[in-house]
Amino acid sequence: MTMDFVPIIKRSPFIFPLACIATAAMMFVSEGSYWQSVNATHDLARRQIARAQILGLAQNIQDAEAGQRRYLLTNRSEYLEPYHRDSQQIDETFKRLGAHYRNDPVPAAVLARLQRLTMAKQAEMEKMIQLHQSGQVQAARELLMADLNKWEMETLRDVSASLLAAENDSIAASRTGLLQTMMLNRIGVAALSAISLLGLYFFLRQTATLRTRELELKRLVQVDRDRLERVVRERTAELTELTQHLQTAREDERHRLARNLHDDLGSLLTSAKLDAARIKSRIATTAPEALELLTHLVATLNSSVALGRRIIEDLRPSALVNLGLLPTLEILAREFTTQSGVPVQTELEPVALQPGAELMVYRLVQEAFTNIVKYAQAQQVWLTLRAGDGNVEICVRDDGVGFDTDGRVAARYGLLGMRYRVQAEGGRLEVTSSPGQGTQVLGRLPLTP
């Protein structure tokens, strides 16, 4: 799981510097302990080698003396070879030990004394060999059996033992230092680990606090969002109910106006037409000059009656009540073609709808035709009414200029009114269009059981 540290660092500006300091301290302690351990290990190895060389030096002196004694006692020259080899190793060992104690004055002084005693012993042994080789065998043996030889060897052993003891002390000190370094390293690492764990604890606690605050903030935001959504749903429901009420009131007002026009204006125009007809029959012989004016008056009254019928039909389509939805839509399509000159292809199927839903379908088609005349510049219009999947679909499609549904359009209030009309009847409206591709208005309503 990838974690984004940038927001955490922004919220806690001390985390990154503290992490850098802890990392640097850990590296410092680790590197310092490592190099101290390395130096202590190397020093311990050098002292172990020096200790072995001291032991080897004592052994070489004893081996050289033994070879020299065998040669003096047996007069066999093959015993001189170990003597010379050990003498050469003694010289090389002193060189290596001198380099080892170069910066340590106390052991260097003991080594110098040991070297002087060894050189004196070597000179004595060499003198015995020379006496023996020159034929003075008895003198060489007397010198070999002297007590001085025994005292020199004991002195060499004592000096070697003191140098070896000093080296053993140094080795012990180096081991103690190495153990102390390792212990300090352990303590340092443990302390830094504890500090890191403590820092991690505070970091996790702060992160948990921030997470709790974030969750609480999200909860509050979600509560506000739910409240706002509830308010929006309530307001939408109120607007839908208000729209339905306004549409119902509008239709009721249209119905009342249509009834008043039909009852009052219709009766007046009909009465005036009858009176004009009676007057025309009476003055046909007595006042022929007024006959032409009376004929024009009758024609005007006929036009007024036709206009009143059209207004009444527009306010309250009587064909919808008397003939049904399909014939009314066909009549509306023919009137649209007559007025606009745009042909309408109809495909209408019988459907079962409530009277209010039928009136809504009629108004939807009427508003779509009005928008086509005003804005579409169409050459062909298709009107479809069919039932399927428990719904009734009413579709008005044209091949006009179309429009961008995401932008502001001139007919947006008419489309908004259509949408609320359809929603008030429990349906939904879909408007599909794009520039140059025409427009389709599709309404879906639930079938009446």
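The values are calculated or read from the model by the stated rules, or taken from the named source; none is laboratory data. Everything numeric here is computed off the predicted structure, so don't read it as measured data. Cβ: placed from backbone, ideal geometry, glycine included. Neighbour counts: every protein chain shown. Surface accessibility is based on the protein's heavy atoms, side chains included, excluding ligands, DNA and RNA. Shrake-Rupley method; radii C 1.70, N 1.55, O 1.52, S 1.80 Å.
Quick notes on this structure:
- At full extension, N103 and R235 could sit 37.8 nm farther apart than now, given 0.36 nm per residue minus the alpha carbon distance.
- Length gained on full extension, D404 to L416, computed as 0.36 nm times the residue gap minus the Cα-Cα distance: 2.8 nm.
- Segment T270-A123, length gained on full extension (0.36 nm per residue, minus Cα span): 36.1 nm
- Highest to lowest packing among 81-88, 160-167, scored as the average C-beta count within 10 Å: 160-167, 81-88
- If R0 is taken as 56 Å, the Cβ-Cβ distance between R157 and M27 corresponds to a FRET efficiency of 0.65.
- Ranked by how many other beta carbons lie within 10 Å on average, peptides 344-356, 418-430, 122-134 from highest: 418-430, 122-134, 344-356
- Residue-normalised accessible area of segment 352-449, given per residue in Å² at a 1.4 Å probe: 49 Å²
- Here the peptides 51-63, 210-222 are ranked by packing, the mean other Cβ count within 10 Å, and the order with the highest first is 51-63, 210-222.
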